[in-house]
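Okay, structure first, notes after.
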């Protein structure tokens, strides 16, 4: 099953269960306190407080998300984690004052295990619940999940509601218990059982069901909302990895196709298969992830700049290019990937709410990436001179303040600065 097939199956399943389908909004958040949409629920935030103007209270959506700043920031995980992407699509079902735990859990269970849908083996499913959420625990048991596959997760550091299974929107605000669904890839992989530490490569969180009942005030007291709501989120790339039986987002067909494009373009540099084979997997994860994210950001009207959304886009493109320097590339390269990437992406995101297919936009994306690469190459060429000058000024010591100044003022990547310090025996704090 491909990414577009699974998306369609999910949406149709919830439409059959009387949900109203809402297409993805722009990846750019409409709220001032959030640069980019980072979850399915963030576009419906106001509805958890007031559903008076809704003609429908049960919703299904597939929302474009970007996690590159604030509470959710995965940019530094890319290249090291098989399970994270900066851009991803969040499948979700929501109820604002209608159904609650029992129906939500039942619908999730049926979609995952029923032979007409994903047909996942029930014994491969592990559940975590908040330790005081007896209702969710009993509902899962009633559906046939074995007791030993349902884990009650407590509070951390003896702080009430400080738990992986008690969701909150921030340090205060909307909150409630959640139940997380994990998939077990089997004992050929290492990892702690969910709820007992790092799950490693063995277990993968595929769906989070959040039961929003409260507002947490600044004293960490819970105030009851006037109605209960359901907010669920399932990363499309993650669940596709389960269905395609691969243990990494970067091994699903979508990413394999993108990575193959990168390899072909790299091969054209010196026509050496050995050159391409010797490049690390981390390199391909970073380039494929970051360029996919850049395409979606530019497609939604953002351009590289030194402020807000544009700053994030610039950071992503530059992190991609800096990885190219590790294999000796000193000229613009990323722009060559754009047209071929777009062909793959249009096959997987063929709805205009996800990715607008327009020749002018496509050419614009390629031009923007090319220009940003050239600008960054000039910065890198001048970077060594800047670093040597700072080295003399600061007596062979780079403080955190100095490193941040070099990054924010000159755009020098943190990794470049730290690499320079290490190779020249310069002391630094960071």
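Before moving on, here are some points about what is shown:
- Residue list for region 232-257, filter: under 15 Å from the mean Cα position of the chain (by Cα), within 30 Å of residue 100 (Cα to Cα) and either assigned to a helix (DSSP H, G or I) or not assigned by TED's automatic domain parsing to the domain that holds residue 64 (or both): 236, 237, 238, 239, 240, 241
- Residues that are assigned to a loop (DSSP other than H, G, I, E, B) and either under 21 Å from residue 39 (Cα atoms) or over 19 Å from the mean Cα position of the chain (by Cα) (or both), drawn from region 199-231: 202, 217, 218, 219, 220, 221
- Residue selection: residue 267 fails the criterion of being in contact with a helix residue (DSSP H, G or I) (Cβ under 6 Å, 6 or more places away or on another chain), touching a residue at least 12 places away in the same chain (Cβ under 8 Å) and not assigned by TED's automatic domain parsing to the domain that holds residue 184.
- Residue in region 79-95 that is without any contact (Cβ under 8 Å) to a residue 60 or more places away in the chain, surrounded by fewer than 19 Cβ atoms within 10 Å (Cβ to Cβ), closer than 26 Å to residue 124 by Cβ and more than 19 Å from the chain's Cα centre (by Cα) present: no
- Residue list for region 46-71, restricted to those being assigned to a helix (DSSP H, G or I) and crowded, with 17+ Cβ neighbours inside 10 Å: 47, 48
- Options 120, 139, 127; residue that is in the same structural domain as residue 45 (by TED's automatic domain parsing), part of a strand (DSSP E or B) and under 26 Å from residue 102 (Cβ atoms): 127
- Selection within region 3-42 - over 21 Å from residue 107 (Cβ atoms) and either assigned to a helix (DSSP H, G or I) or not assigned by TED's automatic domain parsing to the domain that holds residue 118 (or both): 3, 4, 42
- The condition (being at negative phi and not in a loop (DSSP other than H, G, I, E, B)) is satisfied by just one residue among 357, 374, 350: 374.
- Here residue 395 passes the criteria (1) in a loop (DSSP other than H, G, I, E, B); (2) on the phi < 0 side of the Ramachandran plot except the one numbered (2).
The values are calculated or read from the model by the stated rules, or taken from the named source; none is laboratory data. This is a predicted model, so every value here is computed, not measured. Note that each Cβ is placed from the backbone with ideal geometry, even for glycine, and that neighbours are counted across all protein chains shown.
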